[in-house]
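**Student:** Quick one: the structure is below, questions incoming.
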Amino acid sequence: MTSRRARAITRLVAAAIALIVVLIAYGLRFAVGDGNPFDFFGYFTNQTSSLTALVLIAVALHQLRGGRVPEALAVAWGVGTACLVVVAIVYNTLVPGTGSAPPWVSAILHIVFPVFVVVDFASAPDRPRLRWRALWWVLPYPCLWLAVVLVRGQTDGWVPYGFLLPERGPVSLAAHVIGILALLMLAAAGVWGLSRWRVRAHPPEPVSRA
């Protein structure tokens, strides 16, 4: 088995595990009568883990077919990686140990999967070179998520994380939103920078002089 194929299969397995863990976590909530999908998938962790797993599957399938990763998919790969960095940092600093998921679920989604995705991206010989002008694509999805959460907080009172509660006041909310977006841009800049660090999988082939 070639290293390219082995990496693709590893990505497929990791993505499948992440999706299965998310579905198990949802099943556990459903079993206790708390199966509202808008609440469960309103958590940034559950959304981002699922979406990034789907992106990894698409990347792996392109790899197995021997094709290059399209630019749009490459950007999605970078965005997913940056968002998982934020997932890991925010969960393990702002909201550690919270939530109703079993500890092993939280460990996989907040530590193991983000670390795998970052290490895979950083070490991948097939990693795309991301254009700096595409860096702004990291913002639409998290901004849309934040907008929906803030509207829900003001209407039905549900928010996924305590630091987004409306009763904390506009100053606290603004500070947390700005801080998260700043952290996201910093993580994205790191991922975009990593994309320009070349990893050589094999020594260069000698140039034929025939």
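The values are calculated or read from the model by the stated rules, or taken from the named source; none is laboratory data. Since we're looking at a predicted model, the values are computed, not measured. Neighbour counts are summed over all protein chains in view; Cβ atoms, including those assigned to glycine, are modelled from backbone coordinates with ideal geometry. Just the protein is used for accessible areas: all its heavy atoms, side chains included, with ligands, DNA and RNA removed. Shrake-Rupley method; radii C 1.70, N 1.55, O 1.52, S 1.80 Å.
**Student:** Compute the accessible area per residue over the chain, keeping the other protein chains in place, probe 1.4 Å, unit Å².
**Tutor:** 54
**Student:** If you put +1 on each Lys and Arg Cβ and -1 on each Asp and Glu Cβ, how big is the dipole of the chain around its Cα centre, in Debye rounded to 20? Kindly include the intermediate steps, with their values, before the conclusion.
**Tutor:** Details: 17 positive and 8 negative charges, 231 e Å.
Approximately 1100 debye in magnitude.
**Student:** Could you calculate the contour length gain from Ala147 to Trp132, that is, 0.36 nm times the residue separation minus the distance between their Cα atoms, to one decimal place in nm?
**Tutor:** Details: separation 15, 0.36 × 15 = 5.40 nm, distance 2.55 nm.
Length gained between Ala147 and Trp132: 2.9 nm.
**Student:** Taking segment 150-201, which chymotrypsin sites (Phe, Trp or Tyr not before Pro) meet the DSSP loop condition and have no more than 10 other C-beta atoms within 10 Å?
**Tutor:** On the way: sites: Trp158, Tyr161, Phe163, Trp192, Trp197; in loops: Trp158, Tyr161, Trp197.
Here the sparse-neighbourhood loop sites are Trp197.
**Student:** Any chance you could list the semi-axes, whole Å, largest first, of the equivalent ellipsoid that the Cα gyration tensor gives for the chain, using √(5λ)?
**Tutor:** Working: eigenvalues 239, 82, 35 Å².
For the chain, the semi-axes come out at 35, 20, 13 Å.
**Student:** Just in segment 116-155: which trypsin sites (Lys or Arg not before Pro) are loop by DSSP and have at most 16 other Cβ atoms within 10 Å?
**Tutor:** Values: sites: Arg129, Arg131, Arg133, Arg152; in loops: Arg129, Arg131.
Passing both the DSSP loop test and the Cβ count: Arg129, Arg131.
**Student:** Measure nothing fancy, just the Cα-based angle from helix 113-123's long axis to the longest principal axis of the chain, in degrees from 0 to 90, nearest 10.
**Tutor:** 30
**Student:** Treat each spin label as a single point 7 Å out from the Cα along the C-beta direction, and report the Ser172 to Ala107 distance in nm.
**Tutor:** Simple spin-label model gives 3.2 nm for this pair.
**Student:** Taking only the Cα atoms of segment 46-154, how large is their convex hull per residue, in Å³?
**Tutor:** Numbers: hull volume 12.6 nm³, N = 109.
Roughly 115 Å³ of hull volume per residue.
**Student:** For Val95 and Asp39 in the same chain, what is the full-extension length gain: residue separation times 0.36 nm, less their Cα-Cα distance, in nm?
**Tutor:** Details: separation 56, 0.36 × 56 = 20.16 nm, distance 1.73 nm.
18.4 nm is the gain from fully extending Val95 to Asp39.
**Student:** Could you list log10 I(q)/I(0) for segment 4-74 at q = 0.18, 0.22 Å⁻¹, which the Debye formula gives when each Cα is one point scatterer?
**Tutor:** The Debye formula, applied to the Cα set alone, gives -0.71, -0.89.
**Student:** Quick check: at a probe of 1.4 Å, how many percent of the accessible area of the chain sits on carbon and sulfur atoms?
**Tutor:** Details: 7900 of 11330 Å².
That fraction is 70 percent.
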